[in-house]
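Trainee: There's a structure below that I have some questions on.
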Amino acid sequence: MDDKKKLLIDYLDTNLFIPILYSSNASYQVKHDFQHTRDLLQTFSARGILNFVWNTLGHMEAKIIFSNRLIDEGFFDYDQILDTFKNEFTYDWLMS
């Protein structure tokens, strides 16, 4: 795994996937959906991960849906996690 892909995966694991997957509050369906997304991202390049997060998880409409769904499950920082991701991991960062 290249260094940039590892940084992206580590950020998402630490801040999003692992807290949800190991939470006693998250429903089976949320855990299943986020495990599937995590597994899918493992198959992508760094560029693919960046594109997926920016255009799928971070798309305004999807972000609202995911955020509301996670709030119902007891997770209140989805928006902040994605905003931080989008600020730290840009296409300029990827090309550097």
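Trainee: Evaluate segment 28-36: report whether one residue or more is surrounded by fewer than 13 Cβ atoms within 10 Å (Cβ to Cβ) and of a type in the set (D, E).
Mentor: No, the conditions are met nowhere in segment 28-36.
Trainee: Step by step: first the residues of segment 71-96, then only those that are in a loop (DSSP other than H, G, I, E, B), open to solvent by less than 40 Å² (accessible area, probe 1.4 Å) and aromatic (F, W, Y), then the one that is modelled with the lowest pLDDT. Which residue is that?
Mentor: F75
Trainee: I would also like to ask the following. Any idea which residue in segment 44-64 is modelled with the lowest pLDDT, counting only those that are small (G, A, S) and surrounded by 14 or more Cβ atoms within 10 Å (Cβ to Cβ)?
Mentor: G58
The values are calculated or read from the model by the stated rules, or taken from the named source; none is laboratory data. Computed from a predicted structure; not experimentally measured. No Cβ is skipped: glycine too gets one built from the backbone with ideal geometry, and neighbour counts run over all protein chains shown. Ligands, DNA and RNA are stripped out before the accessible areas are found, and what is left, the full protein with its side chains, is counted by its heavy atoms. Shrake-Rupley method; radii C 1.70, N 1.55, O 1.52, S 1.80 Å.
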